[in-house]
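We did not get these values from a lab; they are worked out from the coordinates using the rules stated. Since this is a predicted model, take the numbers as computed values, not measurements. Cβ placement follows ideal geometry from the backbone for every residue including glycine, while neighbour counts extend to all protein chains displayed.
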Amino acid sequence: MDDETSISEDRDKGGEDRSERKFLHRVALVDGLGLVFILVLAAVWFAAGALLLIFACILFALLLYDASRRLASKLPVARQVALGIVVVLLLAIIGGGGWLIAPSISEQADKMAAMVPRSLEQVQKSLERYSFLRGIVGEMPSAGQLRESIASMLPRAGLFFSGVFGAMGNVLIITFVGIYFAASPYVYINGMVTLVPKDKRARAREVLDEIGTTLSRWLFGKACSMVLVGTATAVGLSLLGVPLALILGIIAGLLDFIPYLGPLMAGVPGVLIAMTIGPELALYTVGLFAFIQLAEGYLLQPLVEKRTVSLPPALTITMQVMLGALFGLAGVALATPLTAVLAVLVSMLYVQDVLGDDVRTPSEINGKN
């Protein structure tokens, strides 16, 4: 009887030891995962500029890859040859167009930098006539502050390097790295997949392919929208007689890359410049920008999204605000494509794999091309 009691006690102790070891193992695992998560957050925070620059390179590579793939499907050439044709055409368009309109752009940019602060002063003086609007005038930036903001906008808009030459360096890095990525994309994709356990590699490849499809479709639709908005803005301002219509159209086209917030940012300098001519012209300018954005939102954007990707507006704006607060103008500019990547990861890795819900990915919502 004593032997049976002793054996029972040994079993209880052994079970307690195993339970204690399991508990310690779980504690160590949770602590380790927490430490890794903190280290990843720290790396993202301190290397945010470099990571955003790499993401911009990937976006440019996807744009080149999609364009070369489309061209290769139309011409009897290999995709690498089509990529070379696309790069040469882009250099010719940018270089030739820059050579033709660079003097005009430079002159108009200098004039805009002088006219916008002066127009702001006129607006402030007009508002000061009304006592109930004087509080708003006190919150508006002075002309000197606005000049400093305009002068420092380019240096602070960089992704990694700072300053004017740093911005040029960012452009060169994005161009060359994007071309290398687009030339041999599967070399880098296969390298990333090999870091995943063997039984998960097929799923990892599916996720990466879906991210590439989603981003390339969004970029294609956004490129079309940017060209149309920029052209319509420049032509409309010219017909209205607003000065510096060319540079304002270019600004509107570039800022259209940022959904929802970009058009608002583009309309401010146009309205202020129109104010130097008169309040009536400024009102017409407001109407022009409103008409272009309504046409884009209710006509162009639905047509583009049928063939590309649709993202929830509230989610997009929230991500713009959050990334803008964390990383500045670069965070705002890249918030939408980052949101698209996040939507793919959540829908495939969490909703589909963890929850088991067969939801559609962002690129599948509007159907396949």
*Sort 294-301, 337-344 for me by packing, meaning the mean count of neighbouring Cβ atoms within 10 Å per residue, highest on top.*
337-344, 294-301
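Full extension from Val227 to Arg205: what is 0.36 nm times the residue separation minus their Cα-Cα distance, to one decimal in nm?
On the way: separation 22, 0.36 × 22 = 7.92 nm, distance 3.30 nm.
Value of the extension gain: 4.6 nm.
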*Order of Cys57, Cys224 - criterion: other Cβ atoms within 10 Å of each residue's Cβ, fewest first*: Cys224, Cys57
*Would you be so kind as to identify which of Leu281, Leu228, Val207 lies farthest towards the positive end of the dipole of the stretch 180-298, taking Lys and Arg as +1 and Asp and Glu as -1 on Cβ and the Cα centre as origin?*
Val207
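How would the stretch 212-369 be classified by its alpha-carbon gyration tensor: rounded, prolate or oblate, with rounded meaning a/c under 1.5 and the a/b versus b/c comparison settling the rest?
prolate
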*Fewest Cβ neighbours within 10 Å first, please rank Met168, Met226, Met112 accordingly.*
Met168, Met226, Met112
*Ile317 versus Ser238: modelled label distance in nm, points set 7 Å from Cα along the beta carbon direction*: 3.4 nm
_Highest-first arrangement of 345-357, 270-282, where packing means the average Cβ count within 10 Å_ = 270-282, 345-357
*Using the beta-carbon distance between Val341 and Gln80 and R0 = 30 Å, what value does 1/(1 + (r/R0)^6) give for FRET efficiency, to the nearest 0.05?*
0.70
*Would you compute, for the Cα atoms of the stretch 157-290, the largest minus smallest coordinate along each principal axis and list the three values in descending order, in whole Å?*
68, 31, 21
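Which shape class, rounded, prolate or oblate, goes with the stretch 162-241 when its Cα gyration tensor gives a ≥ b ≥ c as root eigenvalues, a/c under 1.5 marks rounded, and past that a/b bigger than b/c marks prolate? Don't skip to the end; give the middle numbers.
On the way: a/c = 4.15, a/b = 1.90, b/c = 2.18.
Oblate, since a/c reaches 1.5 and b/c is not below a/b.
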*J(HN,Hα) series, the stretch 258-268, from Karplus relation 6.51 cos²θ - 1.76 cosθ + 1.60, nearest Hz, glycine and proline x*: 9, x, 6, 7, x, x, 5, 5, 6, x, 4
*What is the packing order of peptides 66-77, 187-198, taking the mean over residues of other C-beta atoms within 10 Å and listing the highest first?*
66-77, 187-198
*Would you mind ranking Ile211, Ile173 by Cβ crowding within 10 Å, fewest neighbours first?*
Ile173, Ile211
